[in-house]
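The next block holds one structure in the form of structure tokens; read it before the comments.
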Amino acid sequence: MWMYEKKLQYPVNIKNPDPALAKVIISQLGGPDGELGASLRYLNQRYSAPSREVQAMLTDIGTEELAHMEMISAILYQLTRGLSMKEIKESGFDTYFVDHTTGIYPVAASGVPFSADYFQSKGDPITDLNEDMAAEQKARTTYDNILRLTDDPDVRDPIKFLREREIVHYQRFGECLRIVTDMLDSKNFYAFNPAFDKK
Amino acid sequence: MPVLNDKQKLMRRIQQSCFALAEANLYLDSHPTCKMGLEYFRKHKAEKEELEKEYNEKYGPLTAVQSEGTKKWEWVAKPFPWERGEN
């Protein structure tokens with residue numbers, strides 16, 4: 001089970017609203033490499049993990065991703081405060097506004113709504129952990145691209161924190177993959193699925 | 001950097017100590033017998049508990065179960081952290 005804590009993992013305090021920037025950053029909420037997909041990926045995959053260490057890692061990183069989803073949502077919320085209709089129209093935020101006003105809804109920057117197609121739970125820990133490592137790198141690239149798109153230090157600071165977390169998670173999933181392969185026959189790691197086939 | 005009030009300063013210390021704990025937690029998941037890691041975790045755990053106790057007494061609950069009000073449900077008396085200046 002989970003318990004909510006009334007605090008952000010890392011502070012988000014943005015002085016200047018910027019709806020055009022919100023329309024880009026929203027991809028890290030509901031886009032293909034966003035925090036919602038990350039969280040659902042790990043929290044669904046953990047049941048077929050073959051060791052306690054990997055079960056713990058998927059649970060704990062999946063939980064941290066929920067906190068990242070909250071940080072991204074706080075960024076979006078603060079970037080879209082107190083907008084005039086003129087600002088909404090001129091920034092291009094009108095295409096989001098028409099369906100959601102300034103409510104937070106998980107879509108990609110392109111406007112495509114969030115989909116479970118963005119992740120897999122394959123029931124094979126080697127397959128899943130390779131996906132997880134790739135997913136962390138893809139999210140890191142997206143954060144790099146967001147950093148190329150804004151000079152606002154109030155936005156860059158929490159985005160840089162989130163970018164760093166992708167790198168740490170990549171490292172930890174790499175260790176998990178090592179733990180899983182250490183349990184297997186090094187002559188052929190792929191001879192069978194350790195979560196399904198009985199040895 | 002904006003000037004922080006006392007409540008925000010205490011929140012920063014809680015966030016720092018929770019971050020140290022979260023980092024140690026993930027590290028220990030894959031290195032469960034590392035003595036230095038375990039020691040680091042225990043040190044920050046004690047620090048976090050102390051800081052959260054101080055926060056609860058001065059500024060209200062961080063989790064719903066920490067609410068202790070007899071006249072008013074404290075959980076709804078304080079802002080949520082996505083508001084600017086409240087995290």
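Read-outs: derived from the displayed coordinates by stated rules, not from any lab. In this text, all values refer to a predicted model and were calculated from it rather than measured experimentally. All Cβ positions, glycine included, derive from the backbone under ideal geometry; neighbour counts span all protein chains shown.
Figures for the structure shown
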read-out	value
Average other protein chain Cβ within 10 Å of Cβ, residues A:7-17	5
Cα-based helix-to-principal-axis angle, A:125-149 vs chain A, degrees rounded to 10	20
Between 0 and 90°, nearest 10: helix A:35-45 axis offset from chain A longest Cα axis	20
Fluctuation leader among A:VAL98, A:VAL12, A:VAL24 - chain A, Gaussian network, Cα springs under 10 angstrom	A:VAL98
Bins of 10 Å, starting at 0 and running to the largest distance - Cα pair percent for chain A	9, 34, 31, 17, 8, 3, 0
Cα long-axis angle, helix A:153-182 against chain A (0 to 90 degrees, to the nearest 10)	10
For A:48-59, mean number of other protein chain Cβ atoms within 10 Å	2
Sorted peptide list for A:59-68, B:67-76, A:32-41, criterion being average Cβ within 10 angstrom, highest first	A:32-41, A:59-68, B:67-76
Lys/Arg +1, Asp/Glu -1 at C-beta; chain A dipole; positive extreme among A:THR142, A:PHE93, A:LEU58	A:LEU58
Surface/4 of the Cα convex hull for segment A:42-84, nm²	3.2
Eligible aspartates and glutamates near B:LYS43 by straight Cα distance, threshold 14 Å, same-chain separation 8 or greater	B:GLU23
Candidates A:ASP124, A:ASP99, A:ASP132, ranked by Gaussian network fluctuation over chain A, Cα under 10 Å, top entry	A:ASP99
Nonlocal amide H pairs with A:LYS6, under 5 Å, H built at 1.01 Å	B:THR63
Listed residue pairs exceeding 25 Å between alpha carbons, taken from A:LYS15/A:LYS86; A:LYS6/B:LYS45; A:LYS23/B:LYS7	A:LYS23/B:LYS7
Dimensions (Å) - segment B:6-76, Cα atoms, principal axes, largest first	47, 24, 15
A:CYS176, B:CYS34 arranged by Cβ crowding within 10 Å, fewest neighbours leading	B:CYS34, A:CYS176
